[in-house]
Every structure is written in C-alpha cells, then in structure tokens.
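Remarks on the structure that follows.
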Amino acid sequence: MTLLVGPILQRAAELSPRSIAASLDQESVTFADVHRGANRIAHVLNGIGVAPGDRIASWTDISLGSLAVFFAAARLGAAFAPLNPAYSLSEARDVITYLRPRLLISDPAHVEYAAEVARELDIPLAGTGAPGGKVPGLNLDAETERASGDNLDQPEPTADRVHVIFLTSGSTGRPKGVLLSHYASWMRAVPLGGATRLVAPGGGGDLCPFPLFHMAGWNAVLCAWALLRPIHLVSEPSGERLVAMAEQWRPSTLYCIPALWRRMFDWMPSHDLSSLRYAITGTSLISEELLRDIKERLPGTETTVSYGSTEMGIVTTLGDHDLFRKIGSIGRPNPGFDAAIIDGELCLSGETVMSGYFDLPDETAAVLDDGWYKSGDLAVMDDEGYLTITGRRREIIRSGGETIAPSEVEAALAGFPGVCDVGVVGLPDDSWGEVVCAVLVLDPGTPTPSVESIRAYVGTRLANFKHPRAVTCVDALPRTAATGQIQRSHLRATLLAGPDGT
C-alpha cells in the first residue's frame, strides 16, 4: 500500500471520475477535473524547475483551484505552504522570508503585496485567477491550459517526504512551520482521522467551514476524498452562508468550532438541515449549553467532540453516548494514539505526529521528546481514561483553532494613545476556546478604550483573528524582577480570579 497523499485523489478519480469532488458556494469540480488539473500544474511546476524538497508558498483566497496546486506539489515531492489570506504585508513578508520558497503563488486580491515581496526576496512569482489573464510573473492559468493532463513521469516521493507546511505562531510571534509528511497526513485522513466518524463512501459529503490555509481544512478534504465523498467549502463561514450551503448540497457531516455553531443557530429556525447525520465540534472546552443546543436544533444527529492540533491532527474524541456523562471532557484517545499526563501536561503519541518545525531545531526539541508530543495543554485524566483540559502551560493563545503569540499583539498595540503599558493574554471562552484580551495600563485620566477602538488601531497590521476581543485595565503589569518580562501566566490567573481574588 502506498501511503502517499497523491494516490488519495488518483484513486477517487479512477473509481468515481464524474462525481463531485468539491464545491465552493455555487461552483463545483469533479474528481477527474482535480486530477487532470493537478497533473497539468505538476508538469508546469516541473518545467520551471520546482524540484523535490522545494517549497511552494501560496497566498490566495480560498478557491477550488488550490486543490489542484496542493496535489501537484505532492506529486512533485515539493512542500505546499498556504499563507493566511488575512496576513498583512509585514506578516506575509516575515513568513515568506522564513520559508524561502522556490515559488510564490498569488491571486488578484494579494498580487500587489506578493509582487513587492517577491521582488525584495528575489523569488519567482506565479499569478492565478486574474480576469483577462494579466498577471505579473508566470501566468499559471495560461501555462496550465497548455500542459499535459497525463501523470508526471518521475519517481513518486517517499512517504517520509514533507508535503505540506502549516504556519502557526511561536511564543515570540515568529512563525513556526509545522512539517507534515505524506505518511502523517495519510494516517490522519484514512485509518485515524476518518475513524472519528465511520461514514459510508459517497453520499452528500462533508460541509467544511475551515479555510484552506489551515490544517483542519486540508485534513477535511483528505478524509472526505479517501471515502470518495464530496467536500463542500465556503468562501465565508457566516451562519447564513453555512445554512445556505447545507440546504443546497445536503451534506451528512458538519464539523464546526463552537463560534460557528452559534452563527448557524442564528439562521436556523426556518431552514431544513435534515440531511445532517453527524454534528461534530471541538476545541479544548465545549459548554454543556452548546451540546444541548446542537441536540435540540439537530435531532437525530450523532454529536462528537474532537480535540487535536496542527502538530498531531485529531487525537481524542468524546462520543455521543458520553456527551452529558462527561461534560467538559475531550474524551479518550482515538485508535492508534496514546496519551499521558506528564508533570501536569497532556502528552500525546501516534503515527500522525509532525516531522518537526521548519528550520527550528530548538523549538522542535522542546515539544518532541522520546516519542511524545508535548501539547502545552494542562490536563487531568479520570479513572476511566477520559481527559479534561484545565489550562495552558505555554503562553500561546489558541482561539478558534488559530494560534496567536501575545507578544505580537502587544507590539501592534504599542503607541495606542493614553496607554503606557500593555500585556496580552488568552481568556477562556465558550465559543472560541480562548479570546485575545488586551490588558492596559493607562495614563492618568485616560478613559478605558473600547474593544472597537483597539481593533481599529491594530487594523491591517494584524490578521483579524489576532485582534483583541476583550479589553481590561490594571494599575500595573506583573513583571519579572531580573528581566522585566511580563508574567502573563500570573496576569491571566489574576484576571480569572476576579476583583475579590476568588
């Protein structure tokens, strides 16, 4: 058996070529369409010198065309590195500088900044999706149209070859590239990632609100296609759009973080979501209220709670039968995984673990230790083996599936009028897991700024998911005596204790 990402698509194209592979709002493509497109792009990339081991950075909005690029890179043995489309110019420049890609791909929404960065760093640029085909650099669409749709005649990559790099924030704001091998992604998609919902091949497929710069989005694609099922993507995960796409495509599976379920429920009273059989949610903390809402709004669905990370994939599941017996739990490890609490920290082991962080040996060594991945989550395990997350060991904020470095947000808030000091922490939230909270020390007489004014100030310097959603003021920030560093863990604990310290 070939444990590679590429054959997942090839098998689907051979067994069910005319079936819908993916949709995006009103558009759709078949498995044959994506397979042929991936072959053509692979020929183009090979022709311009992209080689095994190279990195291809992609800075585009979500599109069906990204599917073919992802698999073309996999067939070449190159690593596909999707950038968050919400990145500012400075954020994108930092990430691209770090990745040192062989090629940068951009769409019209990002091409102006992408071209600037490509010139600065002397990186070839390829444009796609432009009306009239006018793009700086290589016209990827035009070249793809002229290329062969046959399989590329070159050796397949080995299963340990890195095929994708997902960007996540480090503790200092420096990006960390999570390296996933073909083997790890295949194991996430086929025997393990798919084991959390044992659904039959084909059918209405899976509605996916996750973006395609995120591990969860691509894992959803691979899980669905391994079962010959369509994946239904959305350009904007609003409640209205999710409900509309569920009515149009009649999917059987929907996986949402709590905040997205809340958005959907605002639009549900007059809509038909009876096609759904599996209603999945996840983050480290799921409220009983949300679970009861899902059961009430979607009667007859099987509901599970999933927990995972970019570094490990989905590793634990709380089954439908345990939802209200084990409120607050993330369940037990899925088949093929082991979990242990070591010095209070949840450590995980399994075949889906990342290969490491790109070009960051010290950061890799800090979390991969003797076969275990140190999650950074504090947890407890009960006498039945059920796990519950109780907090975070490291200061990274995890909000809505994204990781956010507090220092990066603090730097963006520096200079806000009337603020003489600022710290940033993550506070628990039922919808987002954690929210970014700006803790301010104000000049005398300065009124407390609104959340809206704070978000407007950081504006385009930070992607929206990094913007504070809460603001509070203190007399002084706790700092270390020796170095003056903000004691964020202490600050967070103080805020959670409340004004009376309880």
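The values are calculated or read from the model by the stated rules, or taken from the named source; none is laboratory data. Computed from a predicted model, the values in this text were never measured in an experiment. Cβ: placed from backbone, ideal geometry, glycine included. Neighbour counts: every protein chain shown. In case anyone asks, the SASA skips ligands and DNA or RNA and just uses the protein heavy atoms, side chains included. Shrake-Rupley method; radii C 1.70, N 1.55, O 1.52, S 1.80 Å.
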Scanning the stretch 1-26 for residues that are among the acidic types (Asp, Glu) and either in contact with a Gly (Cβ under 6 Å, 6 or more places away or on another chain) or modelled with pLDDT under 95 (or both) gives 25
Sort out which residues of the stretch 138-156 are within 12 Å of residue 107 (Cα to Cα), of a type outside the set (A, V, I, L, M) and either more than 29 Å from the chain's Cα centre (by Cα) or open to solvent by less than 60 Å² (accessible area, probe 1.4 Å) (or both), and write them in order of number. 139
Looking only at the stretch 348-365, filter to residues that are more than 20 Å from residue 317 (Cβ to Cβ) and among the acidic types (Asp, Glu); which one of those is most open to solvent (accessible area, probe 1.4 Å)? 362
Can you pull out every residue in the stretch 113-137 that is open to solvent by less than 50 Å² (accessible area, probe 1.4 Å) and in a helix (DSSP H, G or I)? 114, 115, 117, 118, 133
Looking at (1) hydroxyl-bearing (Ser, Thr, Tyr); (2) at pLDDT 95 or above; (3) more than 29 Å from residue 56 (Cβ to Cβ), which one does residue 355 not meet, given that it meets all the others? (3)
The strands (runs of 3 or more DSSP E) lying wholly within the stretch 399-495 that contain at least 3 residues that are open to solvent by 40 Å² or more (accessible area, probe 1.4 Å) are 419-429
Under 9 Å by Cβ, and 6 or more places apart or on different chains, what pairs join a residue from the stretch 337-351 that is of a type in the set (Asp, Glu) with one that is part of a loop (DSSP other than H, G, I, E, B) and open to solvent by less than 30 Å² (accessible area, probe 1.4 Å)? 338/350; 351/192; 351/337
Mind checking whether some residue in the stretch 72-84 is at pLDDT below 95 and not small (Gly, Ala, Ser)? yes
